1. Give me Rg/Rg_expected for the range 130-273, where Rg uses Cα atoms only and Rg_expected = 2.2 N^0.38 Å with N residues.
2. Arranged from highest to lowest average of other beta-carbon atoms within 10 Å per residue, in what order do the peptides 220-228, 563-571, 436-444, 259-267 appear?
3. Running Debye on the range 274-382 with equal point scatterers at the Cα sites and no solvent, what base-10 log of I(q)/I(0) appears at q = 0.09, 0.13 Å⁻¹?
4. Among the trypsin sites (Lys or Arg not before Pro) in the range 326-373, which ones are in a DSSP loop with at most 16 other Cβ atoms within 10 Å of the Cβ? Mind listing them?
5. For the range 412-472, what is the per residue volume of the convex hull drawn over the alpha-carbon atoms, in cubic angstrom?
6. Separation of the range 211-286 and the range 362-419 by C-alpha centroid, Å?
7. Calculate how steeply helix 330-339 sits against the longest principal axis of the alpha-carbon atoms of the chain, using the helix alpha-carbon long axis, and give the answer as 0 to 90 degrees to the nearest 10.
8. How large is the helix-only mean residue ellipticity at 222 nm for the chain, computed as the sum of -39500 (n - 2.57) over DSSP H runs with n ≥ 4, divided by its residue count, in deg cm²/dmol to the nearest 500?
Amino acid sequence: MGRSVVGRILESHLLDGRLDRPGEIGVRIDQTLTQDATGTMAYLQFEAMGKAGIETDLSVSYIDHNTAQIGFENADDHRYLQSVAARYGVVLSRAGNGICHQVHLERFGKPGTTLLGSDSHTPTGGGLGQLAIGAGGLDVAVAMGGGAFYLPSPEIILVRLSGRLRGWAGAKDLALLMLSILGTKGNVGAILEYGGPGVATLSVPERATVANMGAEIGVSSSVFPSDEATRRFLRAQGREADWTALEAEPGAEYSRIIDVDLGAVEPMAACPHSPGNVRPLRELSGLRVDQVCIGSCTNSSLRDMRSVATILGGKTVSPGVSLGIAPGSRQVLRALAADGSLAAMVGSGARVLESACGFCIGSGFSPGSRAVSLRTSNRNFEGRSGTADAEVYLVGPEAAAVAALRGEVTDLGSIGPARPAIPEAGTYEVDDSMLVFAAPDPSAEVLRGPNIGEPPRNGPFPESLSGELAIKVGDKVTTDHIMPAGARLKYRSNVPAYAAFVFEGLDPLFATRCGALRDSGRHGVIVAGESYGQGSSREHAALCPMYLGVKAVLARSFERIHAANLVNFGIAPLVFSDPADYEAVARGDAVEAPGLKAAIAAGSPLRVTIGSRTIECALELSARQRAILLAGGLLNSANA
Ligand code: MIC
Ligand code: SF4
């Protein structure tokens, strides 16, 4: 039996476990990336591990998320990140250099290697044939120190592409089509491998767009082979030496095959409030639009931006629309300035934004009340834009640009046969002057501002659980719901301050209630529906509840990154054995589970009494994870 692309990478990096059976595997990590919103905690945790320097081939710290700098906090974080990078030999990508995933693709990603990033869209690197995975900051800190990264032994699904994209359809539409096929839940533990003759028709930036939105599907990663298109891209980046061919061996077996004819893909849109709520764009024709935002790590490549500039050139943005454009990197921005595209954008009335996450994370550019916002980003969770009642639609860059001019969603087929033909760049102008490369220097001073606090430590898991059901939430609750970003982002380095906003949008009194339970020596318990913890990798969605004394989350199902983060911070991710029990419990119910710790250690049945009902639950964890949980988290356990 031949090996798949994913199988080949995993086999050459396997440190622990078996690929041919279910369970956990541990893999060696070649590269790591962090960004500033998750990075400060990751480096504080790395410092706590007492290592002299990083033990990866390459670790890069990007400053791209919190660049609003309203108040001193963001700037202090940036200074901390720069000083800690110098101390441990981490490469620093300075603010202004671009969004981590776009820059990493341009300058560092390598086919056949592994990349672990403290950001859920790290799989963007799969566009280059890299096995790139998102995780919590603590897992990334462990990998920086040379430790294995653990993930479920994956089910590998082949997406077999044929034909080529036609008309107005682009890579974003393929990404949205995949979401319409697989949905946003129930895909935990799988990895998508793209293959088939259609792959050769897609450029690396297009592949990266598709791999990026695998995060919304909930798979651990999405990986393309490394072929001549990969070589062309790396050559154009002056990095041909980083290229290696990587394809599936004949007879490679997959757990499932999904056939997609690229020629049948049409422009799509994800409607409010889930990336999985996909419809053909033409069905939304005539929808009035108030705001258009083009950029983010999904669609901010030079190709996408040139296409947008071609559509906008010589025209004016509709009077009812505010158009923001954030080119993905400084490299992209400079190329747009050099070829006149930037002038075309500015000339149309577009508001050119920093090469950063910005609008995508609700940091600026929030839409007006009940406004319709068309965005090329990857998430349209309710409230993520910073406006609770905004209606956010996710579309490709051409659909966004056309809507900005017309003031309404337009069936693209009605205005011409095809999107602008943008040739792939033969050379990208390389300028690494905003990257700071430093050898580890133990004498380098680490600079901390007043908002930067030590990550709080947890005690061991309690012998018995005794407390209260502090909140009951529904299906598909995202880590944005648990820990809001946007205006609250500046508290990422200050857990006690940030913890005041846990579940802010769903239940503003949660933090006070849960903190009071903790102070009276009782435990908070969260009850959730399906697919709890979708979206962002932010470990604060576990760390801040931990700070408030939460010891267990009882859900119908969990997403991978969040479940791992809960364990890393000593919170038990319990799954209802009978999903119907979810209906029977309510906020305020007393929760008692005598001897829970011993039961977890022994692997015996777990019973929790909530109100008057005793509920059976399961803990789908490996022996390694149980040990971490019982120790009260990864920093306490011998594994750190
Ligand atoms: C996101 O897109 O939600 C973020 C902001 O990039 C997060 C990371 C974070 O919360 O800092 C992610 O995707 O992991
Ligand atoms: Fe940044 Fe948005 Fe990409 Fe997250 S999804 S890394 S916030 S651009």
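Only the coordinates and a few stated rules stand behind these numbers; no lab work does. Just so you know, these numbers come straight off a predicted model, no measurement behind them. Counting neighbours? That spans all protein chains shown, and the Cβs are built from the backbone with ideal geometry, glycine included.
1. 1.09
2. 563-571, 220-228, 259-267, 436-444
3. -0.22, -0.48
4. Answer by residue number: Arg370.
5. In the range 412-472, the Cα convex hull volume per residue is 447 Å³.
6. First find each Cα centre; the distance between them is then 22 Å.
7. 10
8. Helices in the chain give a 222 nm mean residue ellipticity of -8000 deg cm²/dmol.
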